[in-house]
Amino acid sequence: MAVLELNALSTALAGSFSATVIFPDGTGIAQDRLYPALYFLHDIGGNDTDIRTIKNLQDLSNELGLFIISPSLMHSFGIDLRWGGKYGDFVCRELPGICRHMFPLDESRQYAGGTGGGAYGVVDLPGLPLLEGALQAQIDALTDRRKELYSQRREGLNVEAEIAAINGELRQLRRELKTCGRIGADIPRIRQQVRLCREQEAPAPEKDRRIKKFERK
């Protein structure tokens, strides 16, 4: 497995952070090419090194030419905390900038993914699309193109080679989509879990605080 350990400073977190980076191995990194990046958020109670134990991530990195970057997010769910670090801002804005400075990454192909509590945080990130959604969009576009080619074939045009090429791409994309789906399958459960946590941590209404103050007198 091709892995790097990253340690740097963050203004959003007002301190240092660590991250684990999985990158394509076997062929080396081309200096004249920009690579897509997946920012992968770990589960609550975990850390950035958890991605080393998740199956298929190295295969996904190799197949897509993908950098997979997992920062350590403590118990934050990868979102801005009311009292604490701005983890959402860190993942969405600051971390991609740091990584583009260090690695040959394509700013137009940045995605987010996660597992457990990190999967919830991914849904709340405004600036990074889900990799699963990006793959599905590509599948939809290729499917529409194949329909056009089928129409052309019925009209007598020789488009067999192009149809075969699209079918090959669709098979590959669907395998990748299945892998991403396994990673994010527990998002609804995590949403509910975090919603309950937020309700429990919410401050008491103003009326309740006045009553408590009066009772102390």
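Taking the criterion of being in contact with a Pro (Cβ under 9 Å, 6 or more places away or on another chain) and part of a helix (DSSP H, G or I), the residues of the range 64-110 that qualify are 64, 87, 88, 90, 91, 92, 95.
Contact map, the range 151-169: first residue in contact (Cβ under 8 Å) with a residue 60 or more places away in the chain and within 16 Å of residue 140 (Cα to Cα), second residue among the polar types (S, T, N, Q) and part of a loop (DSSP other than H, G, I, E, B), Cβ cut-off under 8 Å, separation 6 or more or different chains; the map is empty. Taking (1) closer than 23 Å to residue 9 by Cβ; (2) at pLDDT below 75; (3) out of contact with any Cys (no Cβ under 7 Å at 6 or more places or on another chain) in turn, residue 116 satisfies each apart from (1). Can you say whether residue 128 is surrounded by 12 or more Cβ atoms within 10 Å (Cβ to Cβ), outside any helix (DSSP H, G or I), modelled with pLDDT under 70 and of a type in the set (A, V, I, L, M, F, W, C), as far as the supplied structure shows? Yes; evaluated as a whole, the condition is true for this residue. Restricted to the range 22-53, and to residues there that are among the β-branched types (Val, Ile, Thr) and buried (at least 22 other Cβ atoms within 10 Å of the Cβ), the residue that is modelled with the lowest pLDDT is 51.
Is there a residue being of a type in the set (S, T, N, Q) and assigned to a helix (DSSP H, G or I) anywhere in the range 31-52? Yes, the range 31-52 contains a residue that is of a type in the set (S, T, N, Q) and assigned to a helix (DSSP H, G or I). On inspection, residue 9 passes the criterion of being in a strand (DSSP E or B), over 20 Å from residue 118 (Cβ atoms) and free of Cβ contacts under 8 Å to residues at least 60 places away in the same chain.
The values are calculated or read from the model by the stated rules, or taken from the named source; none is laboratory data. Source: prediction; values computed, not measured. Because the Cβ atoms are built from the backbone with ideal geometry, glycine has one as well, and the counts that use them run over all protein chains shown.
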